[in-house]
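Trainee: I'd like to ask some things about the structure below.
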Amino acid sequence: MTVVTRFAPSPTGRLHLGHAYAAIRAHDHARRAGGRFLLRIEDIDGTRSREDHVAGILADLAWLGLAWDGPVVRQSTRLPAYAAALDRLRADRLLYPCFCTRADIAASASAPHHGPDGPVYPGTCRRLDAGVAAERVAAGVPHAWRLAMDAAFAAAGPLGWIDRDAGPQRAEPLAFGDVVLARKDAPASYHLAVTVDDAAQGVTDVVRGRDLMRATDVHRLLQGLLGLPTPVYLHHPLLVGADGERLAKRNGAAALADRRAAGEDGAALARSLRAGQGAPGAPPIGFAPDNA
Ligand code: GLU
């Protein structure tokens with residue numbers, strides 16, 4: 001079977017070294033196996049995605065010497081596929097509409113329980129009368145669609161997945177609570193879109209950072225519910241700077257675009273990242289410990 005990997009950035013900001021490392025890992029994984037490396041733009045969030053960031057991503061990858069195979073897939077063109085998946089889950093009675101605002105959710109739980117994605121939804125709208133909820137949906141009251149997690153987990157039965165580094169994993173999505181699968185302001189959430197797309201694109205090996213390790217429990221559950229194949233996963237360690245902080249845009253890591261504009265050699269940077277080092281002459285980088 002041909003190995004297929006993908007790099008799936010969200011064009012909501014400029015790429016930094018951590019993204020470069022993730023792209024290199026997915027690219028090299030495919031190339032070593034004589035497989036295919038795909039590029040998917042996760043532009044499902046219409047309010048935060050920007051065309052200049054899409055152009056920047058393509059330029060950054062070319063600068064690093066990473067060529068992708070086939071057309072670039074954009075999630076904004078895949079809405080019917082997400083709608084079909086939502087219809088199926090709705091028909092299985094595993095989704096419910098949620099009318100809560102962030103403020104409602106904050107007010108309803110004095111000590112919110114935290115899951116891997118942040119505060120766990122307290123389930124307010126799940127207790128709404130089904131007729132009342134349907135009327136509000138029909139009347140166009142803004143709403144998200146949430147997965148009834150415990151019912152979904154029970155319906156799917158025990159599920160596992162394999163991580164090439166960490167070994168066999170048991171999917172334990174209950175800790176996420178009733179995750180949002182369609183947002184008020186976006187027709188699908190990250191969890192739904194990524195699961196549907198990895199299957200549609202025939203991705204065999206999902207190579208991505210360890211920050212998404214537990215999200216795979218939710219993706220595995222959705223695969224079970226939607227009858228989709230399960231890829232093998234490889235969650236790679238996350239790059240940290242000399243100060244031990246993750247190299248993320250929020251802590252001021254230089255964007256790849258700035259380095260590109262300054263005339264740095266992208267291929268040399270990629271070689272140095274492959275060797276587990278930062279840019280030549282720049283402060284060293286390392287990897288976050290497993291539990292980071
Ligand atoms: N779009 C996600 C991000 O930019 C990554 C998705 C994935 O690799 O599963 O963080």
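Quick note: the coordinates plus some simple rules give every number you see, no bench work behind them. Keep in mind that this is a model prediction, so the values were computed, not measured. Reconstructed Cβ throughout: ideal geometry from the backbone, glycine too, with neighbour counts over all protein chains shown.
Trainee: Quick test of your reading of the structure: residue 208 fulfils all but one of (1) assigned to a loop (DSSP other than H, G, I, E, B); (2) within 13 Å of the ligand (Cβ to nearest atom). Name the failing condition by number.
Mentor: (1)
Trainee: Now for a separate question. Go through (1) buried (at least 18 other Cβ atoms within 10 Å of the Cβ); (2) in contact with a Pro (Cβ under 8 Å, 6 or more places away or on another chain) one by one and return the number of the condition residue 242 breaks.
Mentor: Evaluating residue 242 over (1) buried (at least 18 other Cβ atoms within 10 Å of the Cβ); (2) in contact with a Pro (Cβ under 8 Å, 6 or more places away or on another chain) leaves (1) as the failure.
Trainee: Looking for whichever is within 17 Å of the chain's Cα centre (by Cα), crowded, with 18+ Cβ neighbours inside 10 Å and more than 16 Å from the ligand (Cβ to nearest atom) here; the options are 199, 182. Which one fits?
Mentor: Details: 199 fails: more than 16 Å from the ligand (Cβ to nearest atom).
Criteria check complete, one pass: 182.
Trainee: I've got another one for you. State yes or no: is residue 140 without any contact (Cβ under 8 Å) to a residue 12 or more places away in the chain, away from the ligand (no atom under 13 Å from the Cβ) and under 27 Å from residue 104 (Cα atoms)?
Mentor: yes
Trainee: Against the definition (touching a residue at least 12 places away in the same chain (Cβ under 8 Å), under 14 Å from residue 171 (Cβ atoms) and within 13 Å of the ligand (Cβ to nearest atom)), how does residue 190 come out, yes or no?
Mentor: No.
Trainee: Tell me, which helices (runs of 4 or more DSSP H) wholly within segment 1-105 include 3 or more residues that are more than 14 Å from the ligand (Cβ to nearest atom), at positive phi and surrounded by fewer than 20 Cβ atoms within 10 Å (Cβ to Cβ)?
Mentor: none
Trainee: Considering every residue within segment 121-133, establish whether at least one is surrounded by fewer than 20 Cβ atoms within 10 Å (Cβ to Cβ) and within 20 Å of the chain's Cα centre (by Cα).
Mentor: no
Trainee: Might you check whether a residue that is touching a strand residue (DSSP E or B) at 6+ places or on another chain (Cβ under 8 Å), closer than 30 Å to residue 30 by Cα and among the aromatic types (Phe, Trp, Tyr) occurs anywhere in segment 72-84?
Mentor: Checked against the condition, which is being touching a strand residue (DSSP E or B) at 6+ places or on another chain (Cβ under 8 Å), closer than 30 Å to residue 30 by Cα and among the aromatic types (Phe, Trp, Tyr), segment 72-84 yields at least one hit.
Trainee: Turning to a different aspect of this structure: Looking at this structure, is residue 215 small (Gly, Ala, Ser), within 13 Å of the ligand (Cβ to nearest atom), in contact (Cβ under 8 Å) with a residue 12 or more places away in the chain and crowded, with 18+ Cβ neighbours inside 10 Å?
Mentor: Spelling it out, residue 215 is indeed small (Gly, Ala, Ser), within 13 Å of the ligand (Cβ to nearest atom), in contact (Cβ under 8 Å) with a residue 12 or more places away in the chain and crowded, with 18+ Cβ neighbours inside 10 Å.
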